[in-house]
Structure formats: C-alpha cells, structure tokens
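Reviewing the structure listed below.
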Amino acid sequence: MKIIEYLILGFIQGITEPIPVSSSGHILIFKALLGNVFGNIKIDYEVLATLTNFGSFIAILLFFRKDIIRLVGAFFTFIFNKRKRKDENTKINYKYCWYIVVGSIPVGILGLLVEKLDIFDFLEENIKFVGLMLVVTSLFLYLIKDFKGFKDKADITFKDALLIGFAQVIALIPGISRSGATIVGSMYRGLNRETAFNFSFMLYLPVSIATGLLGVLDLMELNLSVSEVIYYLLATFMAFIFTYLATAWFNKVVKQGKLAYFSIYCLIVGILVVIFL
C-alpha cells in the first residue's frame, strides 16, 4: 500500500508540474485525500517534493535539450568569438539567456525569503485556501485564453523579462500554478504562444536547480532506510516519465490556444476542494 501511495504522488507531480494547474496544490489536495485512505502511512512530503521535482527537472531538461544547447552555445560564442557577435541569431540567443537570468531574479530572492521565513507554511495546511487559489488560477487562464501575442524571442525586452519574473513570484502561493503564472504574464506582455511556452519553461530551470540544491542539503541530514530510498526513487521515476509526456502534450495545447480547458479544470477542482475538503 505504501508503494501505491508513492507511485500515485509521483504520478501527480509528474502530470501536473508542466501544466497550469499547480503541482504543489495538487500534491496538498491528494495529501489530504490519501490521508483518509492511507492514514497509517507516514510520508515526508518535503523530501518527496524535492526528489519528484528533480525528476520533473530532468524531464524538462531533456525535452528542451536542443534549445538549451543552442542557447548555451550562443552565449559563450558571443563572449569568446568576436567575429560571431555580428551574427543576428547569436545576438538574439545571447540576449535571451540574460532575459532568463533577469526573469529568475525576483523568484530567486523572494523565494529564498519565503523558504527561510516559512511565510506560506501555514497556508499549506489550509486546503480550502489552496482550492480558492486554483479558482484564481482559473480566472487568469480564462482572461488570456484568446491571446495570440505578436512578440517572438527577438522581441522580448528587459521589462518583459522582469515583469514575467514577478508573475512567477505569485506562484510561491500554494495553489497558484507556476507555468500558468508565467504563461499568463508572458501573453499579457504580448509574447506569442510558442515563445510564452518556451520562456515559461526556461524560467523553470534556474528555479528548479536552486530548489534542488537547497533540498539536497536537507536530504543529507536524513537517515533514510533502504526501503524508503526505493520508494522515493520510484516516485521520482514516475514524476520524470509523466512530466515529459505532459510537457509534450501541453506544448501542443498551447500552440492550439486551448488554455480554456485548464481554466475550466481549475475552476471545477477549486470549487470542489472549497466545498468538500
């Protein structure tokens, strides 16, 4: 039964991480639901979140591997090869790398403060608040459902990157989707659907690395049994597989402009959580 719960939570993390429905919110919801079914099983959800997030990170890294290799190559080419600096694509990708850095700064600073001061910890136990925030996510997704945008990678500005970065900060609140917040912020700033999708996940990578490093420091202080290690690895593998599949599917959905589906889903789930949990 314990293996089943770990597999379920790994699946939930994986399937909800890339799509705009709040993976952390769903983990908290299913934590409440599963607690009623597997009440006698104790799970360290902080450890589970750290490891399953790592599985999701590897999946997204793999999905965007060509883009990442292209960006890293252009960044160092621009720095070390003066002749290539005049190449338009190299310049665009170099600037894009810096915009990823700029967009990651707000959540990096404020996220560290939230983590150290435990600002939102009390909200995680208030499952009705999580449901309410899913309704808020639904509202924002509905507002931009018909946006198409006109900016591509070359048109992003410093202001765009900074404001989208602050949109990502909102996702520190339990129940607010990170991908939803950044895609809404991107489309609000005029980015087209494909660019908004790409930039949203590029912003995810630095945040995930930072979160993972902090989590590793916490993991080093724990003495896990062999069986616990196996359970956590199974959950991490599930998160990896389903994050990759969900990211590929979500990419198609964004390009087709069907974000309204997620708006409806978040609204229904949010209302059910508020009423019944």
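The values are calculated or read from the model by the stated rules, or taken from the named source; none is laboratory data. If you're wondering where the values come from, they're calculated on a predicted model, not measured in any experiment. Every residue, glycine among them, receives a Cβ derived from its backbone with ideal geometry; neighbour counts consider all protein chains shown.
Things worth noting here:
- Residue within the stretch 192-215 that is over 19 Å from the mean Cα position of the chain (by Cα) and either at positive phi or surrounded by fewer than 16 Cβ atoms within 10 Å (Cβ to Cβ) (or both) present: no
- So I29, is it in contact with a helix residue (DSSP H, G or I) (Cβ under 8 Å, 6 or more places away or on another chain) and either of a type outside the set (S, T, Y) or farther than 30 Å from I230 by Cα (or both): yes
- Among residues that are under 17 Å from the mean Cα position of the chain (by Cα) and surrounded by 16 or more Cβ atoms within 10 Å (Cβ to Cβ), F140 is included.
- Cβ-Cβ distances below 6 Å connect the following pairs, each with a first residue in the stretch 1-29 that is within 18 Å of S208 (Cα to Cα), a second residue that is of a type in the set (D, E) and outside any helix (DSSP H, G or I), and a separation of six or more residues or different chains: S23/E17.
- When the helices (runs of 4 or more DSSP H) confined to the stretch 11-119 are screened for residues that are small (G, A, S), farther than 26 Å from D155 by Cβ and out of contact with any Leu (no Cβ under 8 Å at 6 or more places or on another chain), those reaching at least 1 such residues are found at 23-37, 45-63.
- Filter result (touching a residue at least 40 places away in the same chain (Cβ under 8 Å) and among the acidic types (D, E)) within the stretch 102-131: E115, E124
- Residue in the stretch 225-234 that is at pLDDT below 95 and outside any helix (DSSP H, G or I) present: yes
- Among the residues of the stretch 120-129, those identified as closer than 24 Å to G185 by Cβ and touching a Leu at 6+ places or on another chain (Cβ under 9 Å) are F120, E124, F129.
- Here G103 meets the list (1) buried (at least 16 other Cβ atoms within 10 Å of the Cβ); (2) at pLDDT 85 or above; (3) within 24 Å of L219 (Cα to Cα) almost entirely, failing just condition (3).
- Selection status of L277, surrounded by fewer than 21 Cβ atoms within 10 Å (Cβ to Cβ) and over 22 Å from F57 (Cβ atoms): yes
- Just one of the listed residues (L205, L213, L259) is in contact with a Leu (Cβ under 6 Å, 6 or more places away or on another chain) and under 23 Å from I100 (Cβ atoms), namely L259.
- Boolean, I241 is of a type in the set (A, V, I, L, M), part of a helix (DSSP H, G or I) and at pLDDT 95 or above: yes
- Complete set of residues in the stretch 159-188 that are buried (at least 20 other Cβ atoms within 10 Å of the Cβ) and among the charged types (D, E, K, R): D160, R178
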